[in-house]
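Asker: Here it is, the structure in full.
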Amino acid sequence: MTPSPDFWLWLLAWSLIAIGVAGTILPILPGLPVVFAGMVIAAWIDDFQRVGYVSLAVLGAITLLSIAIDVLAGILGAKKFGASRAAIIGAAIGTFFGLFLGIPGLILGPFFGALIGELGARRDTMRAGKVAFGTWLGMIVAAVVKLSLVFAMLSIFAFAYFFSGDGAALL
């Protein structure tokens, strides 16, 4: 027995959502845009009867907000503490290498990357420590906010899917 085409579409939709949720924590993956893509596919499977255009517009707006937060949180955290360009690049490199070391790497990688970058640019240990902390703090705040947004998106989608009576996509 061969699975129906809808099975494969649901598998794709839920896979994208799962990858996107992981991407809210792992900076290398685009989290909420991938979740949104999965939700659009899931809504499309039943011709937007359960999850309508209004719900998708709200979910799309949350996705755009998450992108802005992602960009601004790291920059604002770094700038607030006076980071150099080298510190920001170092944090990105540290994040990449931290991926291979699990959760401790994801937490410490950006910190040490920013620290090394700032030390290379300015050679002031106290300032480098302050910048590294600010960069790390910005990334942590962004991750927490993005996790909150992804759970809001999942809740909105579930509510629209399960409680939009008689196929009338009110949400």
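Asker: Checking G102 against (1) among the small types (G, A, S); (2) without any contact (Cβ under 8 Å) to a residue 12 or more places away in the chain; (3) open to solvent by less than 20 Å² (accessible area, probe 1.4 Å), only one condition comes out false. Which one?
Answerer: Every listed condition holds for G102 apart from (3).
Asker: State all residues of the stretch 43-67 that are within 21 Å of the chain's Cα centre (by Cα) and open to solvent by 30 Å² or more (accessible area, probe 1.4 Å); if no residue qualifies, say none.
Answerer: A57, V58, A61, L64, L65, I67 - these are the residues of the stretch 43-67 that are within 21 Å of the chain's Cα centre (by Cα) and open to solvent by 30 Å² or more (accessible area, probe 1.4 Å).
Asker: Take the residues in the stretch 129-142 that are open to solvent by 30 Å² or more (accessible area, probe 1.4 Å) and of a type outside the set (A, V, I, L, M), then tell me which one is nearest to I69 (Cα to Cα).
Answerer: Applying the filter and picking the extreme gives W136.
Asker: Next question. V21: of a type outside the set (F, W, Y), open to solvent by less than 70 Å² (accessible area, probe 1.4 Å) and in contact (Cβ under 8 Å) with a residue 40 or more places away in the chain, yes or no?
Answerer: The answer is yes for V21.
Asker: Still on this structure, please answer the following. Within the stretch 76-99, restricting attention to residues that are among the β-branched types (V, I, T) and open to solvent by 70 Å² or more (accessible area, probe 1.4 Å), which residue is nearest to L29 (Cα to Cα)? Let's see the steps before the verdict.
Answerer: Restricting attention to the stretch 76-99, the residues satisfying the condition of being among the β-branched types (V, I, T) are 88-89, 93, 95.
In the following step, the residues that additionally are open to solvent by 70 Å² or more (accessible area, probe 1.4 Å) were identified as 88-89, 93.
Working: I88: 18, I89: 17, I93: 14 Å.
Here the answer is I93.
Asker: If you don't mind, there's one more thing I want to ask. Looking only at residues that are closer than 20 Å to S148 by Cβ and not in a helix (DSSP H, G or I) in the stretch 7-39, which one is nearest to the chain's Cα centre (by Cα)?
Answerer: By that ranking, first place goes to T24.
Asker: Also, quick follow-up: Can you report the number of residues in the stretch 1-17 which are in contact with a helix residue (DSSP H, G or I) (Cβ under 9 Å, 6 or more places away or on another chain) and free of Cβ contacts under 8 Å to residues at least 12 places away in the same chain?
Answerer: 1
Asker: Kindly evaluate M126 against the criterion of being modelled with pLDDT under 90, in a helix (DSSP H, G or I), of a type in the set (A, V, I, L, M) and surrounded by fewer than 16 Cβ atoms within 10 Å (Cβ to Cβ).
Answerer: yes
Asker: Next up: How many residues are exposed (fewer than 14 other Cβ atoms within 10 Å of the Cβ) and among the polar types (S, T, N, Q) when one looks only at the stretch 143-164?
Answerer: The qualifying residues number 2.
Asker: Now for a different question. I'd like to verify a number: residues in the stretch 25-41 that are open to solvent by less than 20 Å² (accessible area, probe 1.4 Å) and modelled with pLDDT of 95 or more, how many?
Answerer: Qualifying residue count for the region: 3.
Asker: Related question: Quickly run through the stretch 59-114 and pick out the residues that are closer than 14 Å to K130 by Cα, part of a helix (DSSP H, G or I) and aromatic (F, W, Y).
Answerer: Result: F111, F112.
The values are calculated or read from the model by the stated rules, or taken from the named source; none is laboratory data. From a predicted model like this one, the values you see are computed outputs, not experimental measurements. With ideal geometry, Cβ positions are generated from the backbone for all residues, glycine too; neighbour counts draw on all protein chains shown. Note: areas computed on protein heavy atoms with side chains; ligands, DNA, RNA excluded. Shrake-Rupley method; radii C 1.70, N 1.55, O 1.52, S 1.80 Å.
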